[in-house]
Every structure is written in structure tokens, then in C-alpha cells.
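A short worksheet on the structure shown next.
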Protein chains: 2
Amino acid sequence: MGYWNTRGLRGSALEEMINLTNTLYTQRGLAIVQKIPTPITPVEVNNINRTISKAYFGQQSTVDYIGVTQGIAICFDAKETSRQSLPLSNIHSHQIAFMKNFEKQGGICFFLVSFIQSSEVFFLPFSELKPYWDGCAMGERKSIPYDGFNKLYLVFNQKGFPLHYLETLGLFRCSQRVERNEI
Amino acid sequence: MGYWNTRGLRGSALEEMINLTNTLYTQRGLAIVQKIPTPITPVEVNNINRTISKAYFGQQSTVDYIGVTQGIAICFDAKETSRQSLPLSNIHSHQIAFMKNFEKQGGICFFLVSFIQSSEVFFLPFSELKPYWDGCAMGERKSIPYDGFNKLYLVFNQKGFPLHYLETLGLFRCSQRVERNEI
């Protein structure tokens, strides 16, 4: 995997763990998840060695991952923070719009947020991010504090999956059903 | 949109119609579908004007589009042919593997196949392509003949959508339920 200097490989350690988890999910028939590449438009292509000598970044991508697990469409983004909070400047309005539409269609959207200092990864449901995002737009705080993350939604390395987020997703869905008095 | 000379813009007229349809679907709350960009890895980036001076094509992409519509995860690929058949060399084994896994998880996979000569676009369910693919691997014919396409699954420009494939998807799902004696 190539490393470059500005965009697209932020959060790559986290991404590698997610990618490995996704590969294992596919192998074990638990989910299939596609990493969405950064949109890049080639302008000049060398057809002999298949390299690109000129290209530009296309429109911003929407989310990092889209897939399906046991009948549920999912999409999510990976975020890494070295602070004691998740700055909302990390998240863009077109991502919020995409996720809103995705949930409207019956999918489930979330973020996997890695706190580097404590080596913890949280599953952050879109519905829990949304109030912070709306608050920020109204001039309230510009980040989600560490304490704003639900400890129940910690993602662990377990059952052979480096970041077993499907387990946390299951927990989240269960709590949703409890809220709706379905259980 | 840039045009380049070898890869990635094959089928661009078809793709433009699909992209426009998808935009309208999102606006009208019928579906949200993400176009998957061709994976390209930048190696050298000019940080002043944000252009890429060296890059290479990454691993082959899996499918062209992934999304969700009314609770159903969908993924599909766009194919154009100027012949009276769809050559199976257009379709790659990693796409087949992806679609197989996607359907195993409860998603629906299909192809939108444009016959340039007759200006017709067919919705080709993965389940109908699969026997041809398997046959080809066993040394049988290397393409799907025009007559192999189900006329019921023609995709039309209707209700303001240039390629209203969701209508055809609905028809396909309905016929599946009939087959399973659910209707």
C-alpha cells in the first residue's frame, strides 16, 4: 500500500484493521463490505506500463465503507483522533447528507472512532452523532467529548476479528428494539 | 468529466444515464446509490495545486454501484455491448465472487446491459447470469445472446427517470415471490 502525504491515508492503521476484519467477515460469511476508493480522475495514462502521469482528485467521497450483513445494508466511516474528543470538522456535510438518506432507505450508518491515546475504538451510531452535528451547526461545541461515547459500544478484538464491529452493531440494533418496545 | 483513453470510461453514456437516475432517486427518496470510483493509488501529489503527478491503478474494482432502496441492499454493474450478445469476458471472476457474497447476505445484485444497436437496456439479475457464467467456465458459449435476455426486464425512461431500473427491480422481486409461491 502506498503512502502519500496529504489525503486519503489519514487513519490508515485503523483502516488496515477494518480491512482485515472485512476480509475475515467475507471469508466466514458474516458480511460483505466494500471500501470506497478516493475518487481520482486520471488525465494522462501511459498505456505501456499502466501508470498515470497526471490526475486530479475528484469530488469528495461520501463514506469509507458500504456493504450488507444478514439482510441489512450498512455504511460507515473510520475516524481517528489523538485528542480526548472527536472534532466534528473531521466530518463533512455531504457525508451527513449521504448517511441521512441511507438510513431513510432502511440502512444503518455509523462511525468507527479510534481514540489513539486510550487505544479504544467506539462504534458511534449515526443517530447519536446527529445531535452533536446539529448542535455544532447552531454554534454549540465543535467536537464530541470522550465521555459522550457509549461504553457499551466499544469495539473489541475478539473471535479472531481485529475490530469485531458486527458484534457491536448487533448490540446497537438490540437496544433500538428495546427503545421501540419490541422486546 | 474527463475522458481518458483506456479504462474506466467504457460505457460512459450508459453510466451518465445511471448517475442521473441515481441523483433523481435520492432527491425523490427512492434509493441511495454510490458509484464506486476506479481504485487509483497516488504516489506523488503536488500540494499546491492538488494535482497528482504520479499514480497507479489499484486492484480491480468489484462492482460499479452499491446502495440501498427501501430496506434492500443492492449492487450492480453497467455493461455496454455493440454486438448482438453480451461477451462474458466483460465480466470478471472477482465481480462474480463479490455478487455471490452480496446475495448470500440478503442483497440483490444485477447488471444493467445496454445493447447499443437496438438502444435497449436490460436488467439482468445475477441469478440469470450465473448459469451462463458457469457454463462458460465449463467450455460452453462465451456470451449471453440477445435472446437470452428477458423482455420483461427491459428498463425504460419513465416517470422522469432516464433509466428507471427500480421499477424493473420491483418486477423481478415480484416474480421471485411468485416462484417461491409467496403470492
Please work out, to two decimal places, the log10 of the ratio I(q)/I(0) at q = 0.11, 0.13, 0.15 Å⁻¹ from a Debye calculation in which every Cα of the protein assembly as shown carries one identical scatterer. -0.84, -1.16, -1.47
Heavy-atom accessible surface, probe 1.4 Å, ligands and DNA/RNA ignored: which residues of the range A:85-107 lose at least 30 Å² versus the isolated chain? A:Phe98, A:Asn101, A:Phe102, A:Gln105
Under 5 Å from the placed amide H of A:Ala31, counting only residues 5+ away or on other chains, we find A:Thr26
Identify which of A:Ile96, A:Ile66, A:Ile36 has the largest mean-square fluctuation in a Gaussian network model of chain A, with springs joining Cα atoms closer than 10 Å. A:Ile36
21 Å Cα-Cα reach of B:Lys35 towards lysines, excluding residues that sit fewer than 8 places from it in its own chain: A:Lys35, A:Lys100, A:Lys104, B:Lys79, B:Lys100
The protein assembly as shown - charge dipole about Cα centre, Lys and Arg +1 at Cβ, Asp and Glu -1, debye rounded to 20: 180
Amide H proximity to A:Glu120 below 5 Å, modelled H, separation 5+ or other chain, gives A:Phe115
Go through the range A:91-100 residue by residue and turn each phi into a ³J(HN,Hα) via Karplus (6.51, -1.76, 1.60, θ = phi - 60°); whole Hz please, and just put x for glycine and proline. 10, 10, 4, 5, 5, 4, 4, 4, 5, 4
Which value, in Å², gives the accessible area per residue of the range A:51-183 when a 1.4 Å probe is used on the protein heavy atoms? 47
Copy-to-copy label separations for A:Glu167, where each label sits 7 Å from Cα toward Cβ, in nm and ascending: 4.8
Under 5 Å from the placed amide H of B:Ile74, counting only residues 5+ away or on other chains, we find B:Gly67, B:Val68, B:Thr69, B:Ile108
Given only helices, namely DSSP H runs of n ≥ 4 each adding -39500 (n - 2.57), what is the per-residue ellipticity at 222 nm of chain B, to the nearest 500 deg cm²/dmol? -9500 deg cm²/dmol
Using the Kirkwood radius built from alpha carbon pairs, what does the Stokes-Einstein equation give as D for the range A:112-154 at 10 °C and 1.306 mPa s, in µm² per second? 144
Length released on extending from B:Leu171 to B:Lys142, taking residue separation times 0.36 nm less the Cα-Cα span: 7.7 nm
Over chain A, what relative contact order in percent results from Cα pairs under 8 Å that are six or more residues apart? 17
Using a 1.4 Å probe over the heavy atoms of the protein chains, calculate the carbon and sulfur portion of the accessible area of the range A:15-133 as a whole percent. 49
Just from the alpha-carbon atoms, what are the Rg and Dmax of the range A:28-183 in angstroms? 17.8, 62
Compute for chains A and B the buried accessible surface, both sides summed, probe 1.4 Å, and express it in Å² to the nearest 100. 3600
What order do you get for B:138-146, B:13-21, A:79-87 when each peptide is scored by the mean count of other beta carbon atoms within 10 Å, highest first? B:13-21, A:79-87, B:138-146
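The values are calculated or read from the model by the stated rules, or taken from the named source; none is laboratory data. Small disclaimer: the values here were computed from a predicted structure and weren't measured. All Cβ positions, even for glycine, are placed from backbone atoms using ideal geometry, and neighbour counts span all protein chains on display. Please note that ligands, DNA and RNA were not included when accessible areas were found on the heavy atoms of the full protein model with its side chains. Shrake-Rupley method; radii C 1.70, N 1.55, O 1.52, S 1.80 Å.
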